[in-house]
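These notes concern the structure reproduced below.
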Amino acid sequence: MAYPVYILSMSIRHGLLALLERGPRYGSQLRTEFESRTGSTWPLNVGQVYTTLNRLERDGMVAQGGEDAAGHTLYAITDSGRAELRTWFEKPVDRTSPARDELAIKLAMAVGAPGVDIRDVIQSQRRHTVKAMQDYTRLKARALLAVEGGGARERDDVAWLLVLEQLIFQTEAEARWLDHCESRLIRLSATAAAESPATGPVGPAAPGSPVGPAVPAVSNAPAGHATSSPGGPGTSSPGTPAASSPGAPAS
């Protein structure tokens, strides 16, 4: 099962250059090899491939190199393209300007939103995240069998295995973060309830004015719905309290 994920055009650009370094190829062949290398985790369409090839050709990083026996236009990497590819491999991926995360934005907007129980949002997402992790783990088992079996596709199978393990780590971390969010909200709610008598307004409150600090509406239920690890590459399970992992947010 492949979960649709937005892929940056920069990754497509350099991915195609990496495939072209192995020899001239035509558009649909590049799409097939890209998806084979990544296990179709980030599907491409032919239009994306040819649009990217046109831009690479405009920038002098690829050039058309004739046709194959079937009449397909072949593209070849240039010296400029090889230099760009080497730079991409050597330069770390920039994490100082992270891409927008829909889940983080959703939870941020859910805090204090009228008629929204943020704990329901968290629990719904946790169920989906754990299911995704289990699906990725099943795919990992298949990839491991393929790698151990060897064969002509071994390089693609190893590449797919690395992608799957990254997805497993990512979903495992997301499940732990959701557990932490729920624990955080429950603690804040309990603290606000304890402080409310002391910090509430003196005398009758005006109609519609809040009494005490506003906090997300969450039930005072036990936090951390433990979920068993589906055999991901990590040793911790998604339900483990966030404080047990290095670098977890402080309570």
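Quick check, is ASP135 of a type in the set (Asp, Glu) and open to solvent by 60 Å² or more (accessible area, probe 1.4 Å)? No: the conditions fail for ASP135. Filtering the stretch 1-38 to residues that are within 21 Å of ARG153 (Cα to Cα), at pLDDT below 90 and not in a helix (DSSP H, G or I) leaves MET1, ALA2. Taking the criterion of being open to solvent by 60 Å² or more (accessible area, probe 1.4 Å) and touching a Pro at 6+ places or on another chain (Cβ under 8 Å), the only residue of the stretch 146-183 that qualifies is PHE169. Take the conditions (1) open to solvent by less than 80 Å² (accessible area, probe 1.4 Å); (2) part of a helix (DSSP H, G or I); ALA113 misses just one of them, which is (2). Tell me, please, whether a residue that is within 17 Å of the chain's Cα centre (by Cα) and closer than 16 Å to GLU172 by Cα can be found in the stretch 107-120. Scanning the stretch 107-120 turns up no residue that is within 17 Å of the chain's Cα centre (by Cα) and closer than 16 Å to GLU172 by Cα.
Pairs meeting the criteria (first residue in the stretch 86-99 and at pLDDT 85 or above, second residue outside any loop (DSSP other than H, G, I, E, B), beta carbons under 7 Å, at least 6 apart or on different chains) are TRP88/HIS14.
Scanning the stretch 67-91 for residues that are surrounded by 13 or more Cβ atoms within 10 Å (Cβ to Cβ) and within 26 Å of the chain's Cα centre (by Cα) gives GLU84, LEU85, TRP88. Can GLN64 be described as open to solvent by 50 Å² or more (accessible area, probe 1.4 Å), in a strand (DSSP E or B) and under 15 Å from TYR26 (Cβ atoms)? Against the criterion (open to solvent by 50 Å² or more (accessible area, probe 1.4 Å), in a strand (DSSP E or B) and under 15 Å from TYR26 (Cβ atoms)), GLN64 qualifies.
Restricting the search to the stretch 69-81, which residues are in contact with a strand residue (DSSP E or B) (Cβ under 7 Å, 6 or more places away or on another chain) and within 17 Å of ARG31 (Cα to Cα)? Those that are in contact with a strand residue (DSSP E or B) (Cβ under 7 Å, 6 or more places away or on another chain) and within 17 Å of ARG31 (Cα to Cα): THR73, LEU74, TYR75, ALA76, ILE77. Go over the candidates THR41, THR52 one by one and state the one that is assigned to a helix (DSSP H, G or I), open to solvent by less than 80 Å² (accessible area, probe 1.4 Å) and out of contact with any strand residue (DSSP E or B) (no Cβ under 6 Å at 6 or more places or on another chain). From the options THR41, THR52, the qualifying one is THR52.
The values are calculated or read from the model by the stated rules, or taken from the named source; none is laboratory data. As the structure is a prediction and not an experimental result, all values here were calculated from the model. When we count neighbours, we look across all protein chains shown, and the Cβ atoms used for this are built from the backbone with ideal geometry, even at glycine. Quick note on the areas: whole protein, heavy atoms, side chains included, nothing else; ligands and nucleic acids left out. Shrake-Rupley method; radii C 1.70, N 1.55, O 1.52, S 1.80 Å.
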